[in-house]
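Trainee: To start, I am sharing the structure in question, which I have written as structure tokens.
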Amino acid sequence: MTDRSAAIDDFLLATGWGDGRRRLLAGDASFRRYERVEKPDGRTAVLMDAPPPHEDTRPFIGVGRYLSRLGLSAPAILAPDVARGFMLLEDLGDDSFSAVAAADPDRAAALYEAAVDVLVALRGAPAPGVTRFVDGSGHQVKPYDARAFGFGPSLILDWHVKALRVLLEPEAAAAFGAIWHDLWRRLPRERAVVMLRDYHADNLLWLPGRTGAARVGLLDFQDATVGPAAYDLVSLIEDARRDVDPAFGQDLKARYAAGAARVDPGFDRAAFDAAYAIMGAQRNSRIAGVFVRLWKRDGKKRYLDFLPRVWRHLERDLRHPLLANLSAWYDHYLPGEDLRAGVRKLAA
């Protein structure tokens, strides 16, 4: 038994769940892993194992409490151990949007519409305050800034381009950075909201016994920041892992716009569409680099299967006039979908 395993046993015993049967639920692209714990009487909870110093549970707790105060369905925190990186969470079940939509495609529209309603609720919500902990520390959701905006796409150069064995001159890399600097300057300064950052079908759970936006169970929000509202809608519609019909995606954008106009008198649809295109290009550029990094650094080759979809999303985003310079850069230095997705061939 490893020291970490012994610490988990100790945590579960101290919280009254030591007699529970444990079953691995999932790991993800981080160091976190999850287990379902089932007691003899049938009650269940989810164990989050987020080992320090790689992970910090305080952001999850802080953001989760904020979402719960808004009436949204973040899992209740049953028992936290911040120092050791453990938490027992409310078990929201296994009905991810991906699984429910795959089993019954006719239900997909209702699921996605409810997910959009969550984002409308976040747009109309007050900003989160500071969450305080018993050790005197606190957590404040940080603003999404120019550094975060520009760093994400740089992963294309650091991982994707290098994996393709494409040699870029320093001037090309500098031009890439300058384009993103200019896009940050051009990004419409829409209303800043809490961005959950990984708002997609695999991280959303369907809870039909609840009402309204609370029917959407929320997971994996510990990296939340305060920034452009369009980002999470991009995450939902331009999902790297599953297809969303483009026409339905337009319907979802229209639903968001109608809801945003109700809760935010200053909502500007043209500005939002511009922000959506810019944040879509930013997110998809970042993901293309992240997925290659997960393969090269962490041995998680399965993420390469998603790259063609990511590049298709990016190419649609690049059609917006504000992205003409970025589109020209990609066409010149990484032309063609076959080359852009060619990392999969190198990994075969």
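Trainee: For Cα extents along the principal axes in Å, several values are listed as (i) 60, 58, 38; (ii) 63, 48, 38; (iii) 61, 49, 45; flag the one computed from this structure.
Mentor: (iii)
Trainee: With θ set to phi - 60° and the Karplus curve 6.51 cos²θ - 1.76 cosθ + 1.60, what are the ³J(HN,Hα) couplings of the stretch 312-324 in order, to the nearest whole Hz, using x for Gly and Pro?
Mentor: 5, 4, 4, 5, 5, 4, 5, 6, 5, x, 5, 9, 4
Trainee: May I pose another question? Would you mind computing, in nm to one decimal, how far apart the modelled labels at ALA127 and ALA174 are, each placed 7 Å from Cα along Cα→Cβ?
Mentor: 3.6
Trainee: Determine ³J(HN,Hα), in whole Hz, for all residues of the stretch 137-144 in sequence, where each value follows from phi through the Karplus function 6.51 cos²θ - 1.76 cosθ + 1.60 and θ = phi - 60°; x replaces Gly and Pro.
Mentor: Each residue of the stretch 137-144 in turn: 7, x, 10, 10, 5, 8, x, 7 Hz.
Trainee: If you don't mind, there's one more thing I want to ask. To the nearest Å, what is the center-to-center distance of the stretch 2-76 and the stretch 282-311, using C-alpha atoms only?
Mentor: Here the answer is 27 Å between Cα centres.
Trainee: Report, to the nearest 10°, how far helix 170-186 tilts away from the longest principal axis of the Cα atoms in the chain, using its own Cα long axis and a range of 0 to 90°.
Mentor: Roughly 70 degrees between the two axes.
Trainee: Something else: Between ARG241 and HIS181, with labels modelled 7 Å along Cα→Cβ, what's the label distance in nm to one decimal, could you check?
Mentor: Between ARG241 and HIS181, the simple spin-label model gives 3.7 nm.
Trainee: Ranking request for peptides 122-128, 140-146: highest mean number of other beta-carbon atoms within 10 Å first, then the rest in descending order.
Mentor: In decreasing order of mean packing, 122-128, 140-146 become 122-128, 140-146.
Trainee: Answer with one residue from GLN250, ASN284, PRO128: the one whose Cα lies farthest towards the positive end of the charge dipole of the chain, charges on Cβ with Lys, Arg +1 and Asp, Glu -1.
Mentor: Positive-most Cα among the choices belongs to ASN284.
Trainee: I've got another one for you. Using θ = phi - 60° and the Karplus relation 6.51 cos²θ - 1.76 cosθ + 1.60, list the HN-Hα couplings for the stretch 244-250 in order, rounded to whole Hz, with x at every Gly or Pro.
Mentor: So the J values, rounded to whole Hz, are 10, 3, x, 5, 5, x, 5.
Trainee: Averaging sequence separations of C-alpha pairs under 8 Å and six or more residues apart, then dividing by the length of the stretch 97-347, give the relative contact order as a whole percent. All intermediate terms of the calculation are to be shown ahead of the outcome.
Mentor: Values: 326 pairs, mean separation 63.6, N = 251.
Reported relative contact order: 25 percent.
Trainee: Angle check, please: helix 58-69 long axis (alpha carbons) against the longest principal axis of the chain (alpha carbons), in degrees 0 to 90, nearest 10.
Mentor: Relative to the chain, helix 58-69 is tipped by roughly 90 degrees.
Trainee: Around PRO143, with a cut-off of 15 angstrom between Cβ atoms, what is the net charge of the other residues, counting Lys and Arg +1 and Asp and Glu -1? Don't skip to the answer; put the middle values down first.
Mentor: Numbers: positive: LYS142, ARG147, ARG189, ARG191, ARG197; negative: ASP145, GLU190, ASP223.
Net local charge, PRO143 excluded: +2.
Trainee: So, one more: Where the centre of each part is set by its Cα atoms, how far does the stretch 219-259 sit from the stretch 117-169, in angstrom?
Mentor: 16
Trainee: Once R0 is set to 35 Å, what does the formula 1/(1 + (r/R0)^6) return for the Cβ-Cβ distance between ALA328 and SER137, expressed as a FRET efficiency to the nearest 0.05?
Mentor: For ALA328 and SER137, the calculated efficiency is 0.15.
Trainee: Hey, if you put +1 on the Cβ of every Lys and Arg and -1 on every Asp and Glu Cβ in the stretch 3-90, which of HIS54, PRO80, THR44 ends up farthest toward the positive end of that dipole?
Mentor: THR44
Trainee: Tell me, what is the percent relative contact order of the stretch 202-348, built from C-alpha pairs under 8 Å that lie six or more residues apart?
Mentor: Value for the stretch 202-348: 20 percent.
Trainee: Under a point-charge model restricted to the Cβ atoms of Lys and Arg (+1) and Asp and Glu (-1), what is the dipole moment magnitude of the stretch 3-90 relative to its Cα centre, in debye to the nearest 20?
Mentor: Around 240 debye, computed over the stretch 3-90.
Trainee: Using alpha-carbon pairs under 8 Å, 6+ residues apart, how would you state the relative contact order of the stretch 1-160 in percent?
Mentor: 15
Trainee: Treating the angle as unsigned and between 0 and 90°, give the value, to the nearest 10°, between the Cα long axis of helix 269-296 and the longest Cα principal axis of the chain.
Mentor: 70
Trainee: What is the dipole size for the chain, taken about its Cα centre, with +1 at each Lys and Arg Cβ and -1 at each Asp and Glu Cβ, in debye to the nearest 20?
Mentor: Around 380 debye, computed over the chain.
Here, each number is a calculation from the coordinates, and none is a lab measurement. Because the structure is a prediction, the values reported are computed rather than measured. Cβ atoms come from the backbone with ideal geometry, glycine included; neighbour counts cover every protein chain shown.
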